[in-house]
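Visitor: Take this structure first; my questions come after.
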Amino acid sequence: MDHRSDIRFILNGRDVSVAEVGAQQTLLDFLRLERRLTGTKEGCAEGDCGACTVLVGRLADSGLVYEPVNACIRFLATVDSCHVVTIEHLAGPDGRLHPVQQAMVDHHGSQCGFCTPGIVMSLYALWMQQPDPTEMQVETALQGNLCRCTGYAPIVRAATAASRHDSPAADHITRERAEIAARLAALRDGRRVVSGPAEDRAILPTDVDDLAEVLLEHPEATIVAGATDVGLWVTKFLRPIGPAVFIGHLTGLRRIECHDDGLILGAAASYSDCQDALADIFPHLAPYWDRIAGWQVRNMGTVGGNIANGSPIGDTPPVLIALGAEITLRRGDARRSIALEDFFIDYGKQDRAAGEFVETIRVPRPAAGQRDAAYKISKRRDEDISSVAAGISVTVSDGTITGARIALGGMAATPKRATAAEAALTGQPWSEGAFEAAASALAGEFTPLTDWRASAEYRMLSAQNLLRRFFLEQDDATSRPVSLATA
């Protein structure tokens with residue numbers, strides 16, 4: 001197939017073409033080392049601290065979308081046909097500070113200043129979407145910016161005051177939106193991109209069919225969607241990933257379809273892409289989804305990637321397994337569908353052949369009488385890895401439990417259904433005693449490990465208590481059902 005070897009994008013206001021970009025080259029290194037745009041900082045190099053936050057604009061079905069992302073784990077090849085905005089581009093043509101920057105000054109939101117550019121970029125993205133945010137919206141936008149050396153209050157005050165200086169309609173990036181969209185459209189030439197040396201090759205297929213062809217040609221290739229996991233392979237473990245096939249730009253893999261019988265998520269749809277569609281059908285996932293990493297990671301990370309990497313502590317597999325999700329895998333033109341729980345075979349081993357990739361995830365709509373919950377236990381409330389994650393779905397008819405699906409993460413080598421606990425519930429009256437029996441059954445089918453996140457005893461007790469919590473929250477036999485804050 002005809003291809004090109006350069007990565008083309010807009011950096012702030014200028015068109016950029018970079019030849020021979022390797023799979024492992026990060027956007028942050030390019031900005032700081034090649035372009036000397038040192039306002040974007042490097043802190044943790046793993047997508048946690050937010051000091052490296054930049055905005056990336058991409059053409060989506062809905063138009064030009066800007067999202068804050070972590071430049072430290074964003075690979076340079078993935079910004080092909082995108083608009084990258086750094087802190088240096090926020091000031092207006094006359095050099096005046098941007099309203100968000102001025103508000104941070106006025107409300108003393110910065111101390112040493114190292115974390116400030118990343119905070120400003122996150123607040124800028126929020127300001128463009130929501131000029132008058134609530135305190136909760138500000139805190140959610142800043143989940144991925146961990147350093148707050150001035151304390152929360154001055155930054156929250158700055159975020160809520162930014163629109164007093166000016167509105168997003170007057171912002172120069174907003175006014176240039178149509179022009180930027182046209183320039184990005186012109187960069188899309190419909191050609192496969194093959195860049196970098198053979199041992200570190202970056203490949204960007206043209207569409208999903210081309211992806212299937214590329215993986216038949218390179219079955220050993222690393223598939224990279226959001227890079228929120230693979231990025232750390234490079235920055236922390238210095239692990240080679242080439243050849244790497246990047247798929248985050250494929251609109252055919254980012255589609256979300258609502259049908260009468262369920263929801264179909266493209267494997268490259270990000271957490272942010274999926275959030276509203278999932279919450280509309282499964283309201284219990286709304287608060288849980290905000291517990292997945294921080295805003296920057298949710299904009300990059302994908303549900304398909306969270307499944308495909310097979311991590312036993314992934315946030316999405318337990319809740320999706322409990323909801324009866326299935327995935328479609330594709331190799332060439334051949335497709336097969338399997339239940340999500342059957343995809344996970346053992347630690348680090350999934351039911352996926354060489355050259356095969358996850359194409360879609362299907363989540364069926366809830367049945368009558370279905371009661372659902374999703375829980376996450378972690379050391380830190382925001383932007384932390386699960387110690388235990390649980391998805392619980394119980395169907396009740398005329399006071400009897402007619403079906404139960406319980407899936408746990410962090411309790412075994414893979415995300416796993418609690419079949420003994422399910423059996424203890426099924427056929428029993430809806431009662432506290434049934435859930436006590438289910439909690440006891442967990443001890444016979446799980447042997448969790450002790451690590452720095454949690455002890456085995458803590459994990460087991462937490463999982464059992466989540467079953468008890470589910471009963472308390474869902475029990476409608478009492479005039480005052482218990483309502484507990486998210487764990």
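The values are calculated or read from the model by the stated rules, or taken from the named source; none is laboratory data. It should be emphasised that the depicted structure is a prediction, and the values quoted were computed from it without experimental measurement. FYI the Cβ positions are ideal-geometry reconstructions off the backbone, even for glycines, and counts take in every protein chain you see. Each accessible area value is taken on the protein alone, full model and side chains, heavy atoms only, with ligands, DNA and RNA left out. Shrake-Rupley method; radii C 1.70, N 1.55, O 1.52, S 1.80 Å.
Visitor: Restricting to region 34-60, what's the tally of residues that are of a type in the set (A, V, I, L, M, F, W, C) and within 28 Å of Ala186 (Cβ to Cβ)?
Guide: 6
Visitor: Among the residues of region 339-378, count how many are of a type in the set (A, V, I, L, M, F, W, C), in contact with a Leu (Cβ under 7 Å, 6 or more places away or on another chain) and more than 24 Å from Thr426 (Cα to Cα).
Guide: Going through region 339-378 one residue at a time, the tally reaches 3.
Visitor: I'm trying to understand the selection: among the residues of region 120-137, which are touching a strand residue (DSSP E or B) at 6+ places or on another chain (Cβ under 8 Å) and among the hydrophobic types (A, V, I, L, M, F, W, C)?
Guide: Result: Met121, Ala125, Met128.
Visitor: Working only within region 202-216, note down all residues that are in a helix (DSSP H, G or I) and among the β-branched types (Val, Ile, Thr). Write out each step before concluding.
Guide: Looking only at region 202-216, we keep the residues that are in a helix (DSSP H, G or I), and these are 208-216.
Matches in region 202-216: Val208, Val214.
Visitor: Restricting to region 217-231, count the residues that are part of a helix (DSSP H, G or I) and farther than 17 Å from Arg298 by Cβ.
Guide: 1
Visitor: I've got another one for you. Could you give me the residue pairs with C-beta distances under 9 Å whose first residue belongs to region 383-401 and is more than 18 Å from Ala418 (Cα to Cα), whose second residue is among the acidic types (Asp, Glu) and open to solvent by less than 30 Å² (accessible area, probe 1.4 Å) wherever it lies, and which are 6+ apart or on separate chains?
Guide: If the second residue must be among the acidic types (Asp, Glu) and open to solvent by less than 30 Å² (accessible area, probe 1.4 Å), the pairs left are Ile385/Asp315.
Visitor: Something else: For region 242-265, indicate whether the set of residues that are under 30 Å from Ala367 (Cα atoms), in a helix (DSSP H, G or I) and not small (Gly, Ala, Ser) is non-empty.
Guide: Residues of region 242-265 under 30 Å from Ala367 (Cα atoms): 252-265.
In the following step, the residues that additionally are in a helix (DSSP H, G or I) were identified as 252-253.
Then drop every residue that is not not small (Gly, Ala, Ser), which leaves 253.
Looking for residues that are under 30 Å from Ala367 (Cα atoms), in a helix (DSSP H, G or I) and not small (Gly, Ala, Ser), one finds at least one in region 242-265, hence yes.
Visitor: Then there's this: Hey, among the residues in region 54-77 that are part of a strand (DSSP E or B) and of a type in the set (A, V, I, L, M), which one's surrounded by the fewest Cβ atoms within 10 Å (Cβ to Cβ)?
Guide: Ala60
Visitor: Tell me, yes or no, whether region 323-334 has at least one residue that is in contact with an Asp or Glu (Cβ under 8 Å, 6 or more places away or on another chain), crowded, with 24+ Cβ neighbours inside 10 Å and closer than 21 Å to Ser386 by Cα.
Guide: Yes; the residues of region 323-334 include at least one that is in contact with an Asp or Glu (Cβ under 8 Å, 6 or more places away or on another chain), crowded, with 24+ Cβ neighbours inside 10 Å and closer than 21 Å to Ser386 by Cα.
Visitor: Looking at region 184-216, which of the residues that are acidic (Asp, Glu) and at pLDDT 95 or above is surrounded by the fewest Cβ atoms within 10 Å (Cβ to Cβ)?
Guide: Asp209
Visitor: Using the structure shown, decide if Leu90 is touching a Phe, Trp or Tyr at 6+ places or on another chain (Cβ under 6 Å) and open to solvent by less than 20 Å² (accessible area, probe 1.4 Å).
Guide: In short, no.
One line per residue, one yes/no per condition, for (1) open to solvent by 30 Å² or more (accessible area, probe 1.4 Å); (2) modelled with pLDDT of 95 or more:
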site	(1), (2)
His3	yes, no
Gly13	yes, no
Thr38	yes, yes
Cys52	no, yes
Val79	no, yes
